[in-house]
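In what follows, a structure is listed as structure tokens, so that the remarks can point back to it.
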Amino acid sequence: MLAITGGEIVERGHRRRADIAVIDGRIEGVHEPGRLLSGSPDDPDPPRPQEQAAAARAGDGMLTPIEEIDATGCVIAAGFVDLCARVAEPLALEGHVMQITATAAAMGGYSALVAQPDTDPPLDRLGQLAEIRRLAASAASCHIVTAATVTAGRAGTQLAPMAELADAGVSWFTDTGPLADWGLLCRALQYASPLGATVAVRPSGAALGIVAPMHEGAVSARMGVAGEPAEAECAAAAAAISAARRTGGRLHLDRISAAGSVELVRAAKADGLDVSASVTAEHLLFVDADAAGFDTLMRAEPPYRTAADREALVAGVNDRTIDAVVSAHTPLPPHDKDLPFDEAPPGFASLETCAAVVLGHPEISLEAALDALSWRPAELAGAGHLGGGPIEPDQPANLVVIDLDRTWTLADRGSVSKARNTPHRSRRLNAMVRATVTGGRLAVVDGAPCDHAGTVAALRSGIAR
Amino acid sequence: MSGHLLTLGELGTDGISELLSLTDRFVEVGRRPIPKVPALRGRTVATLFFEESTRTRLAFETAAKRLSADVLNFSAASSSLAKGESLRDTFETVQAMGIHAAVVRHRSAGVPAQIARWADDGVAIVNGGDGWHAHPTQGLQDAYTLWRHFRPAPDSEPGAELDDQPTLAGRRIAIVGDIVHSRVARSDIEAYTALDASIVLVAPPTLLPAQPREWIDCWLPPDAAKRVEISHSLDDVLDDLDVVGLLRCQRERMIDGLIGSVPEYVARYGLTAERAQRLAPDAVITHPGPMNRGIEIAGDTIEDLAAEDRLLVTRQVTYGVAVRMAVLFRLIGSGTALGADDRG
Amino acid sequence: MADRERRMTPPYGGVFVARTTILDSSGIHRALTRISHEIIERNEGLDNVVVVGLQTGGVQVALRIVRLLFEIDGTDVPFGTLDVVMHRDDIGLRPVMAEAVTDIPFELDGMTVVLVDDVLFTGRTIRAALDALNDFGRPRAVQLAVVIDRGHRELPIRPDFIGKNLPTSRDEMVDVTLEGVLLGEMRK
């Protein structure tokens, strides 16, 4: 049995102080504080009702709490769900990539992530799906949900066997980027509609033939770097929304970055379209001027835009126009960011920091953050049993314990991923994931990964404050 | 000035003025029977040209040699870059050979700034031109050429102090051509505005950044920004110019669809004989070279202006060496500990 | 004393505080007059003699010598200035000053160059000046005139014409102007 005591459970619309017992991968019970275990040092001689209670429920004798997490002062929420992460790890042996990614995700509070299909080769058929799922099963720290490509080989010309893949359980289709052919996007949305699947596209200037390393504006003009105008992203977003309007399909706009895109999504939702949108945590922090020193860590996809865009994205998360914050985790080999600014690949390794950035963001409310990290993405991905679900008895135990008062840096704590392409290495983060429970098992405790193969004795003492 | 020379904006007015004064001294050195001083004896200057540019490389190499520095040449063609070595590996290998300064040229903007972050203490990075971003020594060379042209005849009494160094204050300079893709334009703008000149940028909208006013206002200090105008018509601004700074037209850009056609460009932005006629009689022309005859400037206009000594192109090249001597001297010609024993 | 020396003498950024007057303005005048006569005598006239003042302290002295030579001999001796900052072995110790120009507007080949400086100390400036002169041509001879020789030589350099020998300690400072010669030190 695993006990999480002393914390405050936060769910959509309500909060309560309660202790949680987890048995066999499920939430066994949610109890009055102090009723489950006598963890409080302030109360040296309490009754020990947990033994009677457990014995009473189990019927056949006492249950021993073999793991206890003291969550005093922390928030307990449903495990986070990431709609966009790349399962990759530089320098890792192939067999270890899944484990390292899953452990990194658990460190960030995720109990589920949607693996992007832009692998090499792209995940566009059943055979690969089985292989990836086999590997994913060995990574217990985080559920890995597989997405598949919209078009065969991500070539953007011909639909992948979406029905076959949907029968095998795939409900998220994306080419992890723009789909330039509007007619093809319409067909994908039509085709996916009866399958109950979502088609995700990243609205990007690339759909209009504009490829540039940063946002077009005063900063790019000063730096002498080609820019992608915000209007190009908006045009692509408008085209994709038109396709959703035309087909009634379920469209997800992956990683929007411009204020105009937020406005388009807001209008589409007001019109009742089945459109959702996501943003990365970094886009809630950084603007184009942060790249003015040619720091390749400030190259993102889409590019960071202006302060006004950033503010619109934050507002969109707070008013739920933007459904999800994604990590867009893209770990890169160490030397990839040592290239010239316009040649260095964009992206950041972010699974371990994404939730901390959002939860510690001074302009984002706790409920909005949890909506964007947990509840809403779980609904969109149909993954409520893997994360973001209700914290009630008999529900799968996917939980995260968050300390909102703990500041830390990645440099001090160290990271699971060997990738160094993070802008947060020495940036102070204002919230910390203290523990993650994935499928009833402790994946992270006290901000450190658990080794399930070994003993958990070292973890019994709970979280040291 | 400390550390590196990446853009002229970092130098400010004082830093730029100081380098122009220093350049005067090296122009004098260049006129000596033996135009060489031992100022940088024992120092090594590496030229890291990831993008070939014979003119700039020669200017830096000559400057370093006239200061008695050793020169270590690296060019991308002869390098292991093709074998997948990263930019950082390449620089660190060169740095490990023991250098005091590296002149970096790259077709990507920002590479000198990146390399400056990887450089050891005591290794100075000089931007030899990066993408569309900056070309500070070219900007200094252009500014020096004009500064020297416009200053009154030097006081002939030797040893007399030069008070009130004349500057470009109040001069009106047009920069004409492909501004958005020009590192020279960006560095010229920084240099000229720092010296209190007024600038008018003349180009079709497609050869300017998308929001040119916002670009200038966000980039330059407010008092400098308000001295920069933007115009799409050379004819509108021709009458009260002191300088016409022509930029080199890259033919590739011309056919990239950024302008309708070359004749159309020449008709609106070329320095034709008629436009040259309309210029003030003492207005001068600069060009970073090599000139495209019949595009930026009409062929016979070149001859006419050269005959009147109003085409400063050759002087720009001559001063290019002295400017780079000043930069290298300023960056790595100092820094030894002070000591009383070195007096006298 | 040149501004440059003032700046480069410890404690850096201090001010010169005079202790003793070594020569007053008439004393300077007498010394320079004597040096001028010696120059004419040594060179048996002023044919092919040029005067080069070292920046910055030697220039005023050299100009005075040129004037005295004209008054004595009626010859207008060619005059130049030389800044050796780019030739010194202690480069960087001395700031390059805009006003300290090098200007030698005549050929040096076959000429007798009289180098003029205010104070002779370690000899390093003169060594640098000899190097620099080589870049301008090949003089027949180079002679050295100084107002004050204060000793402490670090190189085998000896002046041809001396205003006054002045034993000093290393920490002292000698200030030479046409108004006089002062001995003192730099103080914060």
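Descriptive notes on the structure:
- ³J(HN,Hα) computed for each position of the stretch B:260-268 - Karplus, 6.51 cos²θ - 1.76 cosθ + 1.60, integer Hz, glycine/proline x: x, 6, 5, x, 5, 5, 4, 4, 9
- Relative contact order, whole percent, for chain C stands at 31, derived from Cα pairs under 8 Å and 6 or more residues apart.
- Enclosing the Cα atoms of chain A in their convex hull gives a volume equal to 138 cubic angstrom per residue.
- The stretch A:315-320 - phi-based ³J(HN,Hα) in whole Hz, Karplus 6.51/-1.76/1.60, Gly and Pro as x: 4, x, 5, 5, 9, 6
- Rounded, prolate or oblate (a/c below 1.5 giving rounded, otherwise prolate when a/b exceeds b/c) for the stretch A:177-236 by Cα gyration tensor: prolate
- Long-range HN-HN contacts of B:Val126 with modeled amide H, under 5 Å: B:Leu5, B:Ala102, B:Val103, B:Val104
- Taking the number of Cβ atoms within 10 Å of each Cβ as an exposure proxy, the fewest-first ranking of A:Cys186, A:Cys84, A:Cys450 is A:Cys186, A:Cys450, A:Cys84.
- Expressed in units of 2.2 N^0.38 Å, where N is the residue count, the Cα radius of gyration of the protein assembly as shown is 1.24.
- Considering helices alone, the calculated mean residue ellipticity of the protein assembly as shown at 222 nm is -9500 deg cm²/dmol, with DSSP H runs of length four and up weighted by -39500 (n - 2.57) and normalised per residue.
- For the stretch A:79-381: relative contact order, % (alpha-carbon pairs under 8 angstrom, 6 or more apart): 18 percent
- Over the stretch B:182-238, Cα pairs under 8 Å with separation of 6+ residues give a relative contact order of 42 percent.
- GluC sites (Glu not before Pro) within the stretch A:341-384: DSSP coil, no more than 14 neighbouring Cβ in 10 Å: A:Glu343, A:Glu363
- Ascending count of other beta-carbon atoms within 10 Å, so fewest first, for A:Met107, B:Met291: B:Met291, A:Met107
- Cα gyration tensor shape for chain B, rounded if a/c is under 1.5, else prolate or oblate: oblate
- Annotation: amide H-H contacts under 5 Å for A:Ala300 (H modelled 1.01 Å from N, sequence separation of 5 or more, or interchain): A:Gly347.
- Once exposed loop GluC sites (Glu not before Pro) are cut out (DSSP; at most 14 other Cβ, 10 Å), longest piece of chain C: C:45-106
- Karplus-based coupling profile of the stretch A:248-259, in residue order and whole Hz: x, x, 9, 10, 10, 8, 7, 6, 7, 9, 10, 4, with θ = phi - 60° in 6.51 cos²θ - 1.76 cosθ + 1.60 and x standing for Gly or Pro.
- Residues with amide H under 5 Å from that of A:Ala383, placed H, sequence gap 5 or more: none
- Candidates per GluC sites (Glu not before Pro) in the stretch B:260-325, loop by DSSP, up to 15 other Cβ within 10 Å: B:Glu308
Read-outs throughout are calculated quantities, based only on the coordinates presented, and are distinct from any laboratory measurement. These numbers were taken from a predicted model, which means no experiment stands behind them. Cβ: placed from backbone, ideal geometry, glycine included. Neighbour counts: every protein chain shown.
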